[in-house]
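The values are calculated or read from the model by the stated rules, or taken from the named source; none is laboratory data. No experiment lies behind these values; they were computed from the predicted model shown. All Cβ positions, even for glycine, are placed from backbone atoms using ideal geometry, and neighbour counts span all protein chains on display.
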Amino acid sequence: MPVCNVIVLKGHPQATLKQLVVECSDTLARIIGAPKDRLEVWVTEVEPALWGLNGRPGDEVLQTVARSEIEMPFIRMVLLQGRPVEQHHQLIAEMTAVVARVLGANAERVRLQIDEVHPDRWGIGGVPASVRRAAEIAARATTA
């Protein structure tokens, strides 16, 4: 169920973005203790002309300022409610570090938002997560 979208300025090499997907997936899975097949991570690139920097379109700013000084990678995560605040704090610290390192970005410019959603308000394949989770828990109990 957990999802993570990293939004960056277009122009990073595809190999770098693929590495970002892998490392963010690994970090997210490790911290929240979820199997990788339960989470999704993707990168969204935004055209620099459509990203405002210092009150100007990014393509103009990039002509005189290095990307690493102005890019603000934005990480948006959606998690089901109920995780401890310490886990959120660990996600903020470690996901920021991964994104900054892989992209060569300034960690002070990275932003991360965690949206918590109630399991009754998150659907998986047309079924509320609360119902799907209850069915999975019941199935595990019968096989144990």
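Annotation: of all residues in segment 113-143 being in a helix (DSSP H, G or I) and among the acidic types (Asp, Glu), the one that is modelled with the highest pLDDT is 120.
Looking at the structure I just gave you, is residue 96 under 22 Å from residue 45 (Cβ atoms), touching a helix residue (DSSP H, G or I) at 6+ places or on another chain (Cβ under 7 Å) and of a type in the set (S, T, N, Q)?
Against the criterion (under 22 Å from residue 45 (Cβ atoms), touching a helix residue (DSSP H, G or I) at 6+ places or on another chain (Cβ under 7 Å) and of a type in the set (S, T, N, Q)), residue 96 qualifies.
Residues in segment 94-112 that are part of a helix (DSSP H, G or I) and of a type outside the set (Val, Ile, Thr): 94, 95, 97, 100, 101, 103, 107, 108, 109.
The lone criterion from (1) exposed (fewer than 14 other Cβ atoms within 10 Å of the Cβ); (2) over 23 Å from residue 108 (Cβ atoms) left unmet by residue 40 is number (1). Return yes or no: is residue 23 within 30 Å of residue 136 (Cβ to Cβ), of a type in the set (D, E, K, R) and either touching a strand residue (DSSP E or B) at 6+ places or on another chain (Cβ under 6 Å) or touching a residue at least 12 places away in the same chain (Cβ under 8 Å) (or both)? Against the criterion (within 30 Å of residue 136 (Cβ to Cβ), of a type in the set (D, E, K, R) and either touching a strand residue (DSSP E or B) at 6+ places or on another chain (Cβ under 6 Å) or touching a residue at least 12 places away in the same chain (Cβ under 8 Å) (or both)), residue 23 qualifies.
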